[in-house]
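The values are calculated or read from the model by the stated rules, or taken from the named source; none is laboratory data. Predicted, not measured: the structure shown is a model, and the values here were computed from it. Positions of Cβ are backbone-derived with ideal geometry, glycine not excepted, and every protein chain shown enters the neighbour counts.
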Amino acid sequence: MRKTVIFLLIAFAIQSCQNNKPGIATVEDVLDNPMEFLSQENTIQGVVSQSNSDKQQFSIIGQKEFDKCGIDKCNANEQLPIRFKDSLPKVGDKVEVSGQITKTEEGFIYEAKSIRDIKDISDK
């Protein structure tokens with residue numbers, strides 16, 4: 001029993017360190033393991049890298065990727081596609097998105113319920 005409790009505390013501590021903020025996932029977390037986030041309400045922070053109002057979709061990249069590469073073709077594989085049925089943020093905006101991952105025929109997509117502009121992902 002004691003070993004189980006210690007293991008759970010260690011696992012919780014490791015998970016807490018992986019995220020920038022408690023309760024907020026990184027784009028990298030979601031891209032690395034979308035099944036872990038499937039059909040669960042969660043919040044993700046990132047920088048808008050693409051926007052397509054015709055499809056009501058945009059993509060975000062993580063802050064680390066943005067710092068390394070900016071918004072460029074070098075981060076094409078590090079983007080999280082997001083569907084949102086309201087007005088879309090602009091490319092370059094830093095946003096906090098709440099919703100859930102769903103699986104489609106093409107793969108995974110994040111269904112956003114709300115979006116909020118944030119000044120700096122590292123602030124808060």
key: Every residue from region 96-115 that is basic (Lys, Arg) and modelled with pLDDT of 95 or more   = LYS113
remark   = Within region 94-124, restricting to residues that are among the basic types (Lys, Arg) and either closer than 19 Å to PHE37 by Cβ or free of Cβ contacts under 8 Å to residues at least 60 places away in the same chain (or both), the one that is surrounded by the most Cβ atoms within 10 Å (Cβ to Cβ) is LYS94
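Could you please give the count of residues in region 66-93 that are surrounded by 13 or more Cβ atoms within 10 Å (Cβ to Cβ), in a loop (DSSP other than H, G, I, E, B) and touching a residue at least 24 places away in the same chain (Cβ under 8 Å)? Before the answer, list the steps.
As a first pass, look at region 66-93 and keep what is surrounded by 13 or more Cβ atoms within 10 Å (Cβ to Cβ): 66, 68-71, 75, 78-84, 88-89, 91, 93.
Next, from what is left, pick out any that are in a loop (DSSP other than H, G, I, E, B): 70-71, 79, 84, 88-89, 91, 93.
Narrowing further to those that are touching a residue at least 24 places away in the same chain (Cβ under 8 Å): 71, 79, 84, 88-89, 91, 93.
Total satisfying the criteria: 7.
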inquiry  = So, VAL27, is that one closer than 14 Å to PHE108 by Cα and either in contact with an Asp or Glu (Cβ under 9 Å, 6 or more places away or on another chain) or at pLDDT 95 or above (or both) or not?
reply    = yes
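Determine whether region 5-18 contains at least one residue that is modelled with pLDDT of 90 or more and touching a helix residue (DSSP H, G or I) at 6+ places or on another chain (Cβ under 9 Å). Steps first, answer last, please.
Restricting attention to region 5-18, the residues satisfying the condition of being modelled with pLDDT of 90 or more are none.
No - not one qualifying residue is present in region 5-18.
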message = Quick check on my filter: what residues within region 52-75 are under 15 Å from the mean Cα position of the chain (by Cα) and farther than 21 Å from ILE115 by Cα?
response = ASN75
inquiry  = at pLDDT 90 or above, hydroxyl-bearing (Ser, Thr, Tyr) and touching a strand residue (DSSP E or B) at 6+ places or on another chain (Cβ under 8 Å): which single residue out of SER87, SER51 fits that description?
reply    = SER51
